[in-house]
Structures are given as structure tokens and as C-alpha cells.
Amino acid sequence: MDQELLQYNRIVEDALRGVVRTAVSQAADFGLPDQHSFYITFLTAYPGVLLPDRLRTDYPEEMTIVLEHQFWDLGVFDAHFEVDLSFNRQREHLVIPFAAITSFADPSVPFGLKFQLTDDEPIDTEDLTGAVDLLDTPAGDVVPTIDDRQEGEVEEEEEAAKPTTGEVVSLDAFRTKK
């Protein structure tokens, strides 16, 4: 049997991305329970990621979004999720493939996952063909959110919100060295 057929590291990462998909799906269906928030870090240049050019300029490699009190139109699909968030009092539509996510955390529990992308990882963007690009569509009235804070404040709060107990799962120990 070819060893390439059983790539356990990929199987495990796919399963853990399923945890993220389920958590985001439950938030879409029922909202987030009190005190829960999702910190989702993703690669902005990953194929299938859709976000406004100004955000891509500010975050050319990686970006962290927070789903907490104010987010709109959260939709979850097989390979991606979509959400509207406020940036500098402007509502923006983001499309994020689950394969682009590098970390996921819910500091209230605490729970966190860290993913490692490989150069040869297949890109499954098949279900992104139905994604609607609303990035240039006027958003209407937007309520200011915590995303309107100064850049230094955001970094300090993200650092403070990181879990102090619990364990972030890293799959590096299971990867075969090439």
C-alpha cells in the first residue's frame, strides 16, 4: 500500500477543521452564548478569500477577525463561511474558506486550534462558485463595533484575550519531516 494514501496529518487537520465548521455553523443557527467569542485567523491571500482591497492592503498575509456581539449574515457552507463585520464603522462582507484558517480560539472556554498549511495542500474551492461578492455593495446603516478601536488597543486586547489555561493543539508533532 502506498504511504501517500494514508496522510494522517491531513485527516486529523480535516477533522479539526470540521470542529471549526460546526462551531461557526452553530453560531450561525443559534447565535453565540453569553461570554463566547470566536477569534479566527486566516491567510488573506489564500485562494477563495474575498475581502475588500483596503483590508487586503492592511493585512497582506494574515488577519484575525472576532465574532462576538456584532456580526451579520453569518452563513456556513461545506468549504467556506461568509460574514459581514464592521471595520471603521463600515460594514464589509468577507468570504473565508475553512482551508485558509490558521487558528481558531474561543477564549471563554478556553479552547484553541492551530493549523499548519502545506504547499502541497489541495485547495477545495468548488462550493465557492456560489459565493456572492458584495464587497462593493453599499452596506447602509452600520452600528459602530469593537472593531472600530485604535490598532494598538486591538492588539493589546487580543493578547489579553488569549487563553491562559487549556491547550492549543498543534499538529506539527504528527507531521512527517521531508
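Details
- Assessment of the range 15-25 against the conditions (part of a loop (DSSP other than H, G, I, E, B), exposed (fewer than 15 other Cβ atoms within 10 Å of the Cβ) and in contact (Cβ under 8 Å) with a residue 12 or more places away in the chain) yields no matching residue.
- Residue pairs meeting the criteria (Cβ under 7 Å; at least 6 apart or on separate chains; first touching a residue at least 24 places away in the same chain (Cβ under 8 Å) and within 13 Å of Phe98 (Cα to Cα), in the range 46-64; second open to solvent by less than 70 Å² (accessible area, probe 1.4 Å) and of a type in the set (Phe, Trp, Tyr)): Val49/Phe42
- Pairs are defined by a Cβ separation below 7 Å, a sequence spacing of at least 6 or placement on different chains, a first member in the range 68-87 that is in contact (Cβ under 8 Å) with a residue 12 or more places away in the chain, and a second member that is hydroxyl-bearing (Ser, Thr, Tyr) and crowded, with 19+ Cβ neighbours inside 10 Å; the pairs so defined are Gln70/Ser86.
- Selected residue (only one of Val66, Val76, Val83 is closer than 19 Å to Pro47 by Cα and open to solvent by less than 20 Å² (accessible area, probe 1.4 Å)): Val83
- Scanning the range 4-14 for residues that are assigned to a helix (DSSP H, G or I) and surrounded by fewer than 18 Cβ atoms within 10 Å (Cβ to Cβ) gives Glu4, Leu5, Tyr8, Asn9, Arg10, Ile11, Val12, Asp14.
- Positions within the range 86-98 being touching a helix residue (DSSP H, G or I) at 6+ places or on another chain (Cβ under 8 Å) and open to solvent by 20 Å² or more (accessible area, probe 1.4 Å), in sequence order: Phe87, Asn88, Arg89
- Failed item in (1) surrounded by fewer than 16 Cβ atoms within 10 Å (Cβ to Cβ); (2) out of contact with any helix residue (DSSP H, G or I) (no Cβ under 9 Å at 6 or more places or on another chain); (3) of a type in the set (Gly, Ala, Ser), with Ala28 passing the rest: (1)
The values are calculated or read from the model by the stated rules, or taken from the named source; none is laboratory data. In this text, all values refer to a predicted model and were calculated from it rather than measured experimentally. Positions of Cβ are backbone-derived with ideal geometry, glycine not excepted, and every protein chain shown enters the neighbour counts. Only protein heavy atoms, including side chains, enter the accessible area calculation; ligands, DNA and RNA are left aside. Shrake-Rupley method; radii C 1.70, N 1.55, O 1.52, S 1.80 Å.
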